[in-house]
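What follows draws every value from the coordinates through simple rules; no lab data is involved. Keep in mind that what you see is a predicted model, and the values were worked out from it rather than measured. Neighbour counts are summed over all protein chains in view; Cβ atoms, including those assigned to glycine, are modelled from backbone coordinates with ideal geometry.
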Amino acid sequence: MKSSLLFLLAGFLVVLLQTTFLHLLPLGPIVPDLILVLCVYWGLNHPTVGAVLGSFLLGYSVDVFSSPVLGLNAFAMSLVFLAVYLSSRCIWIHNPLLSAAVVFCASWVKGIALILVGTLFLAVDGLWMGVLKYIFLEALVAAMLAPAVFSLLRHGQRYLEEARMPF
């Protein structure tokens, strides 16, 4: 229960950071996708129904605050969770380099899903080349931040588990 509250608090904090403060970083139009990192963490370490719902709600929160089309990010985050969950059945080693690689690949899954679904609803010609560049850069930034975010989440979870056990 306490870890669910930790993840809920982390989700709210990440949505707040990603939709407001991270746009102020001097990275140009590249915004670190911490919500994607959190969804990958859930897919790798906590594949539960609550994590699926949390991934959907985090994506929908991004849609509500900063997307012109509702549902695109909710769909993409749900797809990312599903892809990471299915790949985690084959990945048994959890180290920072491997988790960064999973975040990098998951960012590509999200980007391609957004492109494919976006082309169904939005008619924009010549968008592909610019979008692929930004997908790569956002994937790279998210992969670099993933080990630190995963470490913070693991330490928070361990702290809550230790606080739960009386001596």
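If you go through region 26-55, how many residues are exposed (fewer than 13 other Cβ atoms within 10 Å of the Cβ), under 22 Å from residue 108 (Cα atoms) and out of contact with any helix residue (DSSP H, G or I) (no Cβ under 7 Å at 6 or more places or on another chain)?
2
Here is a list of conditions, (1) buried (at least 19 other Cβ atoms within 10 Å of the Cβ); (2) under 18 Å from residue 146 (Cα atoms); (3) among the hydrophobic types (A, V, I, L, M, F, W, C), and residue 74 meets all of them except one; can you say which number that is?
Result: residue 74 fails condition (2) only.
Within region 41-60, is even one residue in contact (Cβ under 8 Å) with a residue 60 or more places away in the chain, in contact with a Leu (Cβ under 7 Å, 6 or more places away or on another chain) and not charged (D, E, K, R)?
Yes, region 41-60 has at least one match.
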